[in-house]
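Written out below as structure tokens is the structure these notes cover.
Any read-out appearing in this document is the output of simple, stated calculations on the displayed coordinates, not a laboratory observation. The structure presented is a predicted model; accordingly, all values stated were derived computationally and were not measured. Because the Cβ atoms are built from the backbone with ideal geometry, glycine has one as well, and the counts that use them run over all protein chains shown.
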Amino acid sequence: MKNVFIGFLLICICSAVRAHDHSIGLHGMVLFLVDERIYASHLPMPSGKHAVQFIFEAQLPTQYRAQLMPFLKANTLVTVRPETFSLNKLRSGYLTQFSGDIFIGHFERTGKIKYMDVTFQVQSILLNKPVSASQHNGQFYTLGLGNNTCLLVHKIGKSPSFDQIAKAQCDYHAGQTSELSSSINGPFTTFELTDFVNAETLYLETTDFK
């Protein structure tokens, strides 16, 4: 009888913990390619459970990876509608894989489903920051990927803002990160800082931040 009570108590505790995890939801993502590596970026929002900028290298099953390469190399918009999960667990490293459906285009707009129930494994986390809408819109996270390549990720600020991810040539080593300020208060086409050249936008979203 005692063991039954303890088991029931543990179930109640686990249920209560889950109920208070307000990060549980459908956390859409965009996929992009850098140097033959596939990365996924959580689609952030200005506030609420989705107010997180989270980017990681993703490992996909070989057959899906090969078939997606032409789309990603052409910088076609590819998004993921994943299963419901805890973003907090993904951010903490407790959740290391999830499944989702891959869309060509934006899955919440006019995107067309391409593959269903694909498994994504988290290889390494590059960026894991909450959105702080109190700042201006001229700041960027810089993330070294190695091979003289960096990601420039706009640090989402007060509305109207934008989510922009670009790659550029740089002298950062893999894993080196910093934050830089730009005088441009909107999406850039040519990054003004001379340490970053040949910048190319991989993803840009403005609609969700008006």
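Sorted from fewest to most neighbouring beta carbons within 10 Å, what does the list 183, 47 look like?
Details: 183 6, 47 10.
Listed from fewest to most nearby Cβ atoms, that is 183, 47.
Note down the magnitude of the dipole of the range 44-147 about its Cα centre, charges +1 on Lys and Arg C-beta and -1 on Asp and Glu C-beta and zero elsewhere, to the nearest 20 debye.
On the way: 10 positive and 5 negative charges, 22 e Å.
In total the dipole reaches around 100 debye.
Placing +1 on the Cβ of every Lys and Arg and -1 on the Cβ of every Asp and Glu, with no other charges, gives the chain a dipole of roughly 620 debye about its Cα centre.
Have a look at 70, 46, 130 and tell me which one the Gaussian network model of the chain (Cα, springs below 10 Å) gives the largest fluctuation. Of 70, 46, 130, the most mobile in the Gaussian network model is 70. Taken about its Cα centre, the range 132-210 carries a charge dipole of about 180 debye when Lys and Arg each add +1 at the Cβ and Asp and Glu each add -1 at the Cβ.
Bridging of residue 73 to aspartates and glutamates at a Cα separation below 14 Å is possible for 35, 36, 200, once same-chain residues fewer than 8 apart are set aside. Within a straight-line Cα-Cα reach of under 19 Å, residue 89 can be paired with the following lysines, leaving aside sequence neighbours fewer than 8 residues apart in one chain: 49, 129. The local environment of residue 145, defined by Cβ-Cβ distances under 14 Å, has a net charge of -3 under the rule Lys, Arg +1 and Asp, Glu -1.
Result for the chain in a Gaussian network model with C-alpha springs under 10 Å: among 48, 105, 186, the largest mean-square fluctuation is at 48.
Quick check: the distance between the Cα centres of the range 56-93 and the range 94-112, to the nearest angstrom? Answer, in whole Å: 7. Mind telling me which of 176, 67, 123 comes out most flexible in a GNM of the chain, alpha-carbon contacts under 10 Å? Between 176, 67, 123, it is 67 that shows the largest mean-square fluctuation. By the count of other C-beta atoms within 10 Å, a proxy for reagent exposure, 119, 207 are ordered fewest to most as 207, 119.
What longest range of the chain stays clear of loop-exposed GluC sites (Glu not before Pro) (DSSP non-H/G/I/E/B, at most 13 other C-beta within 10 angstrom)?
109-191
Computed from Cα positions, the angle between helix 62-73 and the longest principal axis of the chain comes to roughly 30 degrees. Distance between the 7 Å Cα→Cβ label points at residue 171 and residue 92: 4.1 nm. Each residue of the range 37-54 was assigned a 3J(HN,Hα) from its phi angle through the Karplus curve 6.51 cos²θ - 1.76 cosθ + 1.60 (θ = phi - 60°); the sequence is 9, 9, 10, 10, 10, 4, 7, x, 10, x, 8, x, 5, 9, 7, 9, 9, 9 Hz, with glycine and proline shown as x. Take the alpha carbon gyration tensor of the range 132-210, find the square roots of its eigenvalues, order them as a ≥ b ≥ c, and report rounded if a/c is under 1.5; if not, report prolate when a/b exceeds b/c, else oblate. Verdict is prolate for the range 132-210.
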